[in-house]
Amino acid sequence: MHCKWRVWLGTWLMLLGTGEVFAQIDYQVQSLTSKPLHKPWTLLQLPDRRWVVTERKGNLVVIDENGQLSRSKVALPGLYFKGQGGLLDIALAHDFALSNRVLITYATGNDAANQLVVATAVLDDDSLSQITPIVTVQPAKATPVHFAGRLAKLADGTWLVSSGDGFDYREQAQDKSSQLGKILRFREDGSAPKDNPFAEAPLVYSLGHRNPQGLVVDPQTKQIISHEHGPAGGDEVNIIEAGTNYGWPVITNGKDYSGARISPFEEYPGMAQPRLDWTPSVAPSGMALYRHSKFADLTGQLLVTTLKAQALLRVNMSAQPPRSERIFATIDQRLRDVAVGKDGAIYVLTDGAKAEILKVTPAGPASASE
């Protein structure tokens, strides 16, 4: 594949919204994909260093080291591809090296009744087979938005999945009998671990969420970190702890899209405050934790793609208070997801009908020859 390198030297790293200069990173950007991706949602690197991308219309795309694409249709039962629905996340099962099993999330149903589903599948010959649903979020809803759908793998063999509030059902984020607006914890067979915090709601791990699309587990600290979309403002980063209520829609720093107040409260007893708030909204989408020496200044920090802000952000959770800064400022478009490659490069998935994967490396001859 013929790739044109775009080299940007002396680009300033700036605090989002202030213009304050903190550091300087020299970097270069390469388009990794030979053909466009169509409404992608996530990207994942396989152990053999190939990349997998999901497209919401139900396609799985495998990209080799030369950028060549292999696209296959996934036989998803009742796929609901509308609004924000479709094929969403994919993650490698704990025993992937032996079984080729993965977990996926997708929307199923119709306009009147649709749900987020978690399923296991087998990845073989660049396609998915043996689709087996294990968790179906209850109740069904009649809106094509706020599915969330991000997966995260825990060291004890269990899993987390984020579930959105369905937009018109936001009060259910506070109702333990509903799985909307929650983070759920489950085993790979879909059963509930006995040490989940609510006996009356066996799968619920935390509640009071709006539309959490970022979910990572720090292997060093064991912290579970999530970000979620607020309405007009009030986007959040949270440290997720079992049984904690994160407040939506009782507390929020955002307003309704009409400009009306959603709640009179920005804090309330028994509800956690966000570790970081973005107001105005940046619309955070994907998230990754950077732990590599290639970009030494980013080690231990979160990388967050945004849709509305059209920027890649780094989030320093160790700062007091945590702060968010824009990096690689020449990447100025809607961004869907981000991942850290085995080579330490940063891979950014852009959004839309003609999307691509951008590979970001430090500027210099050594990086250009990788």
Could you grab me the full set of residues in region 227-236 that are more than 20 Å from residue 270 (Cβ to Cβ) and in contact with a Pro (Cβ under 6 Å, 6 or more places away or on another chain)? 227, 233, 235
Before we move on, is residue 286 over 24 Å from residue 91 (Cβ atoms) and either assigned to a strand (DSSP E or B) or of a type in the set (Gly, Ala, Ser) (or both)? no
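Residues are listed down the side, and each one gets a yes or a no for (1) among the polar types (S, T, N, Q); (2) more than 26 Å from residue 34 (Cα to Cα); (3) touching a strand residue (DSSP E or B) at 6+ places or on another chain (Cβ under 7 Å):
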{"site": "54", "(1), (2), (3)": "yes, no, yes"}
{"site": "62", "(1), (2), (3)": "no, no, yes"}
{"site": "66", "(1), (2), (3)": "yes, no, no"}
{"site": "69", "(1), (2), (3)": "no, no, yes"}
{"site": "86", "(1), (2), (3)": "no, no, yes"}
{"site": "98", "(1), (2), (3)": "no, yes, no"}
{"site": "102", "(1), (2), (3)": "no, no, yes"}
{"site": "105", "(1), (2), (3)": "yes, yes, yes"}
{"site": "108", "(1), (2), (3)": "yes, yes, yes"}
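Could you say whether any residue in region 64-84 is among the β-branched types (Val, Ile, Thr) and assigned to a loop (DSSP other than H, G, I, E, B)? Working first, answer last.
Here is the first cut: in region 64-84, the ones among the β-branched types (Val, Ile, Thr) are 74.
Among the residues that remain, those that are also assigned to a loop (DSSP other than H, G, I, E, B) are: 74.
Checking region 64-84: at least one residue is among the β-branched types (Val, Ile, Thr) and assigned to a loop (DSSP other than H, G, I, E, B).
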Subset of region 288-318 [under 21 Å from residue 239 (Cβ atoms), open to solvent by 50 Å² or more (accessible area, probe 1.4 Å) and free of Cβ contacts under 8 Å to residues at least 24 places away in the same chain]: 299, 318
Please go through region 117-155 and pick out each residue that is among the polar types (S, T, N, Q) and without any contact (Cβ under 8 Å) to a residue 12 or more places away in the chain. 130
Would you call residue 124 in contact with a Lys or Arg (Cβ under 7 Å, 6 or more places away or on another chain) and of a type in the set (Asp, Glu)? no
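In this structure, is residue 350 among the hydroxyl-bearing types (Ser, Thr, Tyr), surrounded by fewer than 21 Cβ atoms within 10 Å (Cβ to Cβ) and over 25 Å from residue 221 (Cα atoms)? Quick ask: steps written out before the conclusion?
Values: among the hydroxyl-bearing types (Ser, Thr, Tyr): yes; surrounded by fewer than 21 Cβ atoms within 10 Å (Cβ to Cβ): no; over 25 Å from residue 221 (Cα atoms): yes.
So residue 350 does not fit the description; no.
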Test for residue 182: is it among the charged types (D, E, K, R) and surrounded by fewer than 21 Cβ atoms within 10 Å (Cβ to Cβ): no
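Being open to solvent by less than 70 Å² (accessible area, probe 1.4 Å), modelled with pLDDT of 95 or more and either within 16 Å of residue 357 (Cα to Cα) or among the acidic types (Asp, Glu) (or both) narrows it down to one residue among 69, 92; which is it?
Working: 92 fails: either within 16 Å of residue 357 (Cα to Cα) or among the acidic types (Asp, Glu) (or both).
Criteria check complete, one pass: 69.
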Given (1) farther than 25 Å from residue 155 by Cα; (2) part of a strand (DSSP E or B), identify the lone condition not met by residue 259. (2)
With 102, 145 as the choices, which residue is at pLDDT 95 or above, out of contact with any helix residue (DSSP H, G or I) (no Cβ under 6 Å at 6 or more places or on another chain) and either under 22 Å from residue 357 (Cα atoms) or not in a loop (DSSP other than H, G, I, E, B) (or both)? 102
Considering residues that are open to solvent by 10 Å² or more (accessible area, probe 1.4 Å) and within 15 Å of the chain's Cα centre (by Cα), the number found within region 226-238 is 2
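Select from region 319-328 the residues that are surrounded by fewer than 15 Cβ atoms within 10 Å (Cβ to Cβ) and in contact with a strand residue (DSSP E or B) (Cβ under 8 Å, 6 or more places away or on another chain) and list them in ascending order. Don't jump to the end; show me each part of the working.
From region 319-328, those surrounded by fewer than 15 Cβ atoms within 10 Å (Cβ to Cβ) are 319-321; that's our starting set.
Across region 319-328, the qualifying residue is only 321.
Of the residues 163, 127, only one is of a type outside the set (D, E, K, R), under 23 Å from residue 248 (Cα atoms) and surrounded by 14 or more Cβ atoms within 10 Å (Cβ to Cβ); which?
Values: 127 fails: under 23 Å from residue 248 (Cα atoms).
Result of the check over 163, 127: 163.
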Residue count for region 136-157, restricted to those that are under 18 Å from the mean Cα position of the chain (by Cα) and either under 16 Å from residue 91 (Cα atoms) or among the polar types (S, T, N, Q) (or both): 7
Take region 148-160 and flag every residue that is touching a strand residue (DSSP E or B) at 6+ places or on another chain (Cβ under 9 Å), open to solvent by less than 40 Å² (accessible area, probe 1.4 Å) and either farther than 21 Å from residue 228 by Cβ or outside any strand (DSSP E or B) (or both). 154, 158
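Is there a residue being open to solvent by less than 50 Å² (accessible area, probe 1.4 Å), more than 19 Å from residue 334 (Cβ to Cβ) and out of contact with any Lys or Arg (no Cβ under 8 Å at 6 or more places or on another chain) anywhere in region 279-287? Step through it out loud before you land on a result.
Going through region 279-287, the residues open to solvent by less than 50 Å² (accessible area, probe 1.4 Å) turn out to be 281-287.
So of that shortlist, the ones also more than 19 Å from residue 334 (Cβ to Cβ) come out as none.
Checked region 279-287: no residue is open to solvent by less than 50 Å² (accessible area, probe 1.4 Å), more than 19 Å from residue 334 (Cβ to Cβ) and out of contact with any Lys or Arg (no Cβ under 8 Å at 6 or more places or on another chain).
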Within region 185-195, can one find any residue that is in contact (Cβ under 8 Å) with a residue 12 or more places away in the chain and farther than 23 Å from residue 103 by Cβ? no
Hey, residue 165 over 30 Å from residue 232 (Cα atoms), in contact (Cβ under 8 Å) with a residue 24 or more places away in the chain and of a type in the set (D, E, K, R) or not: no
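The values are calculated or read from the model by the stated rules, or taken from the named source; none is laboratory data. Source: prediction; values computed, not measured. Don't worry about glycine lacking a Cβ; one is built from the backbone with ideal geometry, like all the others, and counts go over all protein chains shown. Only protein heavy atoms, including side chains, enter the accessible area calculation; ligands, DNA and RNA are left aside. Shrake-Rupley method; radii C 1.70, N 1.55, O 1.52, S 1.80 Å.
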